[in-house]
1. For an R0 of 45 angstrom, estimate the FRET efficiency from the Cβ-Cβ distance between Arg115 and Glu43 and round to the nearest 0.05.
2. Just how many % of Cα pairs in the range 1-101 lie over 24 Å apart, if you round to the nearest whole percent?
3. Among Arg31, Arg135, Arg101, which one moves the most in a GNM of the chain with springs linking Cα atoms closer than 10 Å?
4. Please state the relative contact order of the chain as a whole percent: Cα pairs under 8 Å, 6+ residues apart?
5. With only Lys, Arg, Asp and Glu charged, each at its Cβ (+1 for the first two, -1 for the last two), find how big the charge dipole of the chain is about the Cα centre; round to the nearest 20 debye.
6. Per-residue ellipticity at 222 nm for the chain, helices alone: DSSP H runs ≥ 4 residues times -39500 (n - 2.57), over residue total, nearest 500 deg cm²/dmol?
7. For the chain, I need the span (max minus min coordinate) of the C-alpha atoms along each principal axis, in Å, sorted largest to smallest.
8. Between Ser71 and Asp140, 0.36 nm times their residue separation minus their Cα-Cα distance comes to what?
Amino acid sequence: MTCADEPVRTVLRPAGAELRPVVERLAQLYRHDMSEFIGYLPEPDGAYEFSKLPVFFDEPGRSALLIQYGSVPAGFVLTRPMAEGATSISAFFVVRALRRRGVGRQAALQLLRSRPGSWAIAFQPANAGAARFWRGVATDAVGSDWREESRPVPASVDADAPDDRWILLNTGSL
């Protein structure tokens, strides 16, 4: 299937048991994309390990959402609660054929507007595309009322990783 230029509706769908395999397959593409910035390598069977993915389906407070472009799976979003009360976007992925077409921006803004409150969005400093994307989404969502900061990656995740960049914003007034 190819993407056409006519407008198609982008929708976020909770990924329950029936959509879990779709998100799991898309997560392989996400891990491959992130390998450029984080150094992920495939396992001997050719698949990328993503041991934390199941918790987004199984643990209360965490969620997996499928991004759908018309009837086509276009990507996914993983969210989790943070200790300070914000919701973190732990992973956000859009397939390459739909990037820079507004699909990701529509999905991100739908998500931020669907759950008013504090948000924390991390990205790797080396990922210039993600930095531009999230800064633009934050501005679209709340104007200039957001901030950006560096935070260390927990040693339990990757002791050698450079600090993540975080965008912090509050959509409570939307």
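1. Values: r = 34 Å, r/R0 = 0.76.
Calculated value: 0.85.
2. Values: 1371 of 5050 pairs.
Roughly 27 percent, once rounded to a whole number.
3. Among Arg31, Arg135, Arg101, the largest mean-square fluctuation in the Gaussian network model of the chain belongs to Arg101.
4. Values: 270 pairs, mean separation 31.6, N = 174.
Reported relative contact order: 18 percent.
5. Working: 20 positive and 20 negative charges, 134 e Å.
Roughly 640 debye for the chain.
6. Values: 5 runs with 54 residues, N = 174.
Rounded to the nearest 500, it is -9500 deg cm²/dmol.
7. Principal extents (largest minus smallest coordinate, Cα): 44, 42, 32 Å.
8. Numbers: separation 69, 0.36 × 69 = 24.84 nm, distance 2.60 nm.
Length difference between fully extended and current span is 22.2 nm.
Values in this text are rule-based calculations from the coordinates and carry no lab data. All of these numbers come straight from a predicted model, not from anything done at the bench. Backbone-built Cβ (ideal geometry, glycine too); neighbour counts: all protein chains shown.
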